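Where a number appears in this text, it was derived from the coordinates with a stated rule and is not lab data. Owing to the predicted nature of the structure, the values given are computational and were not obtained by experimental measurement. Please note: Cβ atoms are built from the backbone with ideal geometry, for glycine as well, and neighbour counts cover all protein chains shown.
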Number of protein chains: 2
Amino acid sequence: MEKTCFDPVLRVAICGGTHGNELTGVYIVRELQKQKMDKLGPVSVTTVLTNPRATDACRRYVEMDLNRCFTDALLSSPTTDGTPYEVRRAQELNVQLGPKGSEEAVDLLIDLHNTTANMGLTLIFYSLDWINLHIYKYIQSKMTQVPVRVLQLDVASADAYSLESVGKHGFAIEVGPQPNGVLRADIFNMMKTAVDLTLTWLQEFNSGHTFEGGEVEAFTYVKSVDYPRDAAGEITAVIHPELQDNDFQPLRSGDPAFLSFSGETVKHEDGEEFYPLFVNECAYYEKKIAFHLARRTTFTLPSIGLRS
Amino acid sequence: MEKTCFDPVLRVAICGGTHGNELTGVYIVRELQKQKMDKLGPVSVTTVLTNPRATDACRRYVEMDLNRCFTDALLSSPTTDGTPYEVRRAQELNVQLGPKGSEEAVDLLIDLHNTTANMGLTLIFYSLDWINLHIYKYIQSKMTQVPVRVLQLDVASADAYSLESVGKHGFAIEVGPQPNGVLRADIFNMMKTAVDLTLTWLQEFNSGHTFEGGEVEAFTYVKSVDYPRDAAGEITAVIHPELQDNDFQPLRSGDPAFLSFSGETVKHEDGEEFYPLFVNECAYYEKKIAFHLARRTTFTLPSIGLRS
């Protein structure tokens, strides 16, 4: 049978606190550091609290969103006194874990995030990557009690703006719903299990195990929808109760999308059926995003194993 | 039949944004202002965004928690250049809506709050107050689809630290769970319904209706419980899944209270059965409170009506 072969995945980075008020990743990284989890068989594990100033302040960021700073343009921009803290921090992280796109970059970069949306456990990454997708397939097969999904953003590497794009392979693990600044045990356990399963997968892969191919369901980002707003830019409506908490459920033209403060329903209008996600994510109010829309698709994975 | 009589309740203040990231009250106050809801029959309604700087920043507070600033001591403290913004703002609000404890104070002050805890709709106030408790009984009788409860803090007026203590009568309406910085339609509708019912009750009361007495269930604050912490003061555990979201359900000695980051269950130990509330409230991490404990009790209300 055909098999796609890869070099061993030996250098892994597990990152948390890229958004300082998404606490699950912060505490998982601290716990791994406490347990001195830096070597697992042949795999070296680097754990990084990526935005310590934002974490200390329990805010998403101090000057700008760190997880929008990993484009080639920002990573290579000259720094001045006026350069935001997060741009300087992104460049430091790129030195430590990258450089992005180079042979020196870590083999796999996992960045841990929370959302206030009812997203369950979602792996997010950019271009098609069989390692990422096989890890997703593995996690999904083991975590049968919670919804495990994958979202592909399909942005070219140079424009890929988030931390996981610095690794040769990599993904964000997004788990919710959890309020910012709060730690829930259920969310903690979901994310910790996903991290542990990733490390188990790596050990099996590096020891020569062949992972069989097959089909996986995936979502691909299409576009974003803003809240209804008045002339001053203030929102005039909230997510409709029928859409709230219904991430990854089909949204059709005519379905209720918003409920105005005075009580009127605003319907969704679109020619195509899409899947909403990041519905009512706290941090997206300022980004003018009420929810994203995605397409559901199926990826056919090859069997993969070690290059001999 | 015996009846306790009161003067009409004619001057009402509805306040939001005392915590700037608890958005439901902010948007209800803005909506009432947009609708120019300043007179309802003989009742004058004052709507106030109480902490505009914190609201603009979408943070709980700027320099200190405004809702701890309404003690007699802070309200009468001389201001200097170093006085925190919120202390100055509390003194301004005391001039506008009080002075606390005086004949000039508004008759009823309602302050709108959110919590990340699964509290449903909870009215919170200080000493026993038949007006407050009759409004609670009325709201509870009308809102049968959601849990409506009351919490009495039993703090002397001089030490009462929150905004509602400035009115002759008054309570906070606390609705959750909702993440800070997020607006949920279900939470918005619950709080808006409670505000509307309060105004309806006032109209009936002022028009001479007698409200029959009876018994109501209530919770009275007993004490607070902190998270397990290490020598450096860092938390070492989160709320246990069996306690999470179970506000107002009895907690007995031996019940699981916390789950440590390394996976051990920490049991609750106490000689008496209490009712936990504000379980995993975001803002209480810095206050070193994992949850409050309360006693369940029954208050017997007299019938009340207008003084003739």
So in chain B, what percent of DSSP beta bridges are antiparallel if you round to the nearest 5? 55 percent
Multiply the residue separation of B:LEU40 and B:LYS288 by 0.36 nm, subtract the distance between their alpha-carbon atoms, and state the gained length in nm to one decimal. 85.1 nm
What is the local net charge at B:SER157, summed over the other residues whose Cβ is closer than 13 Å to its Cβ (Lys, Arg +1; Asp, Glu -1)? -3
In order through segment A:116-131: 3J(HN,Hα) via Karplus (6.51 cos²θ - 1.76 cosθ + 1.60), integer Hz, x for Gly, Pro: 7, 7, 7, 9, x, 10, 10, 8, 10, 8, 8, 6, 4, 8, 5, 5
Is there a quick way to get the dipole size of segment A:3-95? I mean about its Cα centre, with the Cβ of Lys and Arg at +1 and of Asp and Glu at -1; what is the value in debye to the nearest 20? 340 debye
So for segment A:83-134, using the alpha carbon gyration tensor with a ≥ b ≥ c as root eigenvalues (a/c under 1.5 gives rounded; past that, a/b versus b/c decides prolate or oblate), I'd call it oblate
How many partner chain Cβ atoms sit within 10 Å of a residue's Cβ in peptide A:235-241, on average, as a whole number? 4
Any idea what the dipole of chain A comes to, in debye rounded to 20, about its Cα centre with Lys/Arg Cβ at +1 and Asp/Glu Cβ at -1? 780 debye
Charged-residue dipole, Cβ positions (Lys, Arg, Asp, Glu), the protein assembly as shown about Cα centre, Debye nearest 20: 200 debye
Largest-first semi-axes in Å of the equivalent ellipsoid built from the Cα gyration tensor of segment A:69-216 are 27, 20, 13
Provide a whole-number value for the mean count of partner chain Cβ atoms within 10 Å of the Cβ atoms in peptide A:206-214. 0
Convert each backbone phi in segment A:263-273 into a coupling constant with the Karplus relation 6.51 cos²θ - 1.76 cosθ + 1.60 (shift: θ = phi - 60°), then list the ³J(HN,Hα) values in order as whole Hz, x for Gly and Pro. x, 8, 7, 10, 8, 6, 10, 6, x, 10, 7
Counting each DSSP H run of 4 or more residues in chain A as -39500 (n - 2.57), what helix-only mean residue ellipticity at 222 nm follows after dividing by all residues, to the nearest 500 deg cm²/dmol? -7000 deg cm²/dmol
Projected onto the charge dipole of the protein assembly as shown (+1 at Lys/Arg Cβ, -1 at Asp/Glu Cβ, origin at the Cα centre), which of B:HIS19, B:VAL195, A:ASN206 gives the Cα projection farthest towards the positive end? B:HIS19
Förster-model FRET efficiency, 22 Å R0, A:THR298 and A:SER157, C-beta, rounded to 0.05: 0.35
Note down the relative contact order for segment B:222-294 as a percent, whole number, built from C-alpha pairs under 8 angstrom at least six residues apart. 36 percent
Counting alpha carbon pairs within less than 8 Å and at least 6 residues apart, what relative contact order, in whole percent, applies to chain B? 21 percent
Tell me the relative contact order for segment A:86-189 as a rounded percent, counting alpha carbon contacts under 8 Å between residues six or more apart. 42 percent
Each residue of B:256-262 has, on average, a number of other protein chain C-beta atoms within 10 Å of its C-beta equal to 3
